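Accompanying notes for the structure given below.
A short reminder: the numbers here are calculations on the coordinates, not readings from a lab. This structure is a prediction, so every number in the text was calculated from the model and none was measured. For neighbour counting, all protein chains shown are included, and Cβ atoms are generated from backbone atoms with ideal geometry for every residue, glycine included.
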Amino acid sequence: MLDIPSIAKVELHRHLEGSLRLATVREIVDQLQLPEAALSLAQLAARAQVLEPMESLDAVLGAFDVFQRCFASLELVERLAFEAVQDAGRDHVRLLELRFSPDFMTRTANLAWDEAMAALLRGVRRAEAECDVAVGLIAIASRGYGLQSALQTADFAVRWRRELVGFDLADNEVRYASAEFAPAVARVRAVGLPLTVHSGESTGPEHVLDTLDALAPQRIGHGVAVGRDADLAERMRRERVTIEACPTSNVRTCAVPSFAEHPARRLLRAGVPLALCSDDPGLFAITLSDELAVARRELGFTDSDLARATLNALAASFLPAAQVKALQKRHFGWAEALAR
Ligand SMILES: [Zn+2]
């Protein structure tokens, strides 16, 4: 049986703003004398982490508030980015796609987006070299901030296109339909940046369908709803649209009632390209290894399913193809051997 912690892994869906270490959050809230400084470590954990299923996705987004306020200076942006990559490296993630929302990240401290990006890059590049992780960065437009912010984020992505590998649309798709953001997506598509969209997380298949029709993304974040519509699953399979499945996140945000009802294994075995991802390791207090272990223990993945999901992640990575090929050759012989 595979020793999950020690095998090389690929992460396609991880938010920088959801990757903060609790110990670092403690240090920052104390240093900055934020209101949470008065809390004990256990109280802070209860406030900043989601360890049990919560009532709604909005409640989880609310827990992000503490993390958001930790991005209080350029130095902290650099440090938090460094630590996020370092944690991935320690978990033997060898290809990491790390996403962040410039608007969300800079909002409380009113940091300039380009300066924050430069600081983030310093942290990422330093950790990449030290920790043997290849990192691709994805800029996120948060639907909740409206189209203006999304357009600004698209322009940011165009400016930084050489340092980014993709673009993402996140946040509540019931209140803010995918189609509304087509003008922002058109701008990044024009410079060749690929697209992933949070869709079908705690919503129905019709939202994923709308997303595919309106934005034609290469990947769908979560896509739990695809499990409830065979025609949609078949379309995803045929069009090679990859699902970034995040089982623990989906259970904790109540996007699925239980692990047993998570559709990941069924979709994977039906030939839908599906990768396993962690979403927010800091928020959920998990690693990507934990997600693979959950897939095996709770979702019934065999080692060969884990290998298949890993090869799917490599195939759907937004990093340059030659770089992915080299990484695959160097680190992922285990997956090729098992998937045969
Ligand atoms: Zn996400």
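Condition check ((1) surrounded by 18 or more Cβ atoms within 10 Å (Cβ to Cβ); (2) without any contact (Cβ under 8 Å) to a residue 12 or more places away in the chain; (3) within 14 Å of the ligand (Cβ to nearest atom)) across all residues:
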position: Arg162; (1), (2), (3): no, yes, no
position: Leu169; (1), (2), (3): yes, no, yes
position: Ala182; (1), (2), (3): no, no, no
position: Gly192; (1), (2), (3): no, no, no
position: Val197; (1), (2), (3): yes, no, yes
position: Ser202; (1), (2), (3): yes, no, yes
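Could you check region 204-235 and list, in sequence order, the residues that are among the aliphatic types (A, V, I, L, M), in contact (Cβ under 8 Å) with a residue 40 or more places away in the chain and over 17 Å from Glu180 (Cβ atoms)? Correct list: Val226 only. Whether any residue in region 120-130 is buried (at least 22 other Cβ atoms within 10 Å of the Cβ) and within 16 Å of the ligand (Cβ to nearest atom) is what I want to check. The answer is no; no qualifying residue exists.
Each residue in region 108-140 was checked for being of a type in the set (Asp, Glu) and within 26 Å of Leu34 (Cα to Cα), and 2 of them qualify.
Annotation note: of Asp3, Asp30, Asp91, the sole residue that is in contact with a helix residue (DSSP H, G or I) (Cβ under 8 Å, 6 or more places away or on another chain), more than 16 Å from the ligand (Cβ to nearest atom), under 30 Å from Glu336 (Cα atoms) and not basic (Lys, Arg) is Asp91. Exactly one residue out of Gln68, Gln86 is within 26 Å of Thr310 (Cα to Cα), in contact (Cβ under 8 Å) with a residue 24 or more places away in the chain, surrounded by fewer than 19 Cβ atoms within 10 Å (Cβ to Cβ) and not aliphatic (A, V, I, L, M), and it is Gln86. Under 6 Å between Cβ atoms, which residue pairs at least 6 apart in sequence (or on different chains) link something in region 92-121 that is in a loop (DSSP other than H, G, I, E, B) with a partner that is among the aliphatic types (A, V, I, L, M)? If the second residue must be among the aliphatic types (A, V, I, L, M), the pairs left are His92/Ala8; Ser101/Ile140; Ala109/Ala72.
For region 61-77, does any single residue satisfy the condition of being more than 28 Å from Arg143 (Cα to Cα) and of a type in the set (A, V, I, L, M)?
Checked against the condition, which is being more than 28 Å from Arg143 (Cα to Cα) and of a type in the set (A, V, I, L, M), region 61-77 yields no hits at all.
Quick check: anything in region 133-155 over 23 Å from Thr242 (Cβ atoms), surrounded by fewer than 22 Cβ atoms within 10 Å (Cβ to Cβ) and among the hydroxyl-bearing types (Ser, Thr, Tyr)? Among the residues of region 133-155, at least one is over 23 Å from Thr242 (Cβ atoms), surrounded by fewer than 22 Cβ atoms within 10 Å (Cβ to Cβ) and among the hydroxyl-bearing types (Ser, Thr, Tyr), which makes the answer yes. Between Leu193, Leu169, the distinction of being of a type in the set (A, V, I, L, M) and farther than 24 Å from Ala255 by Cβ belongs to Leu193 only.
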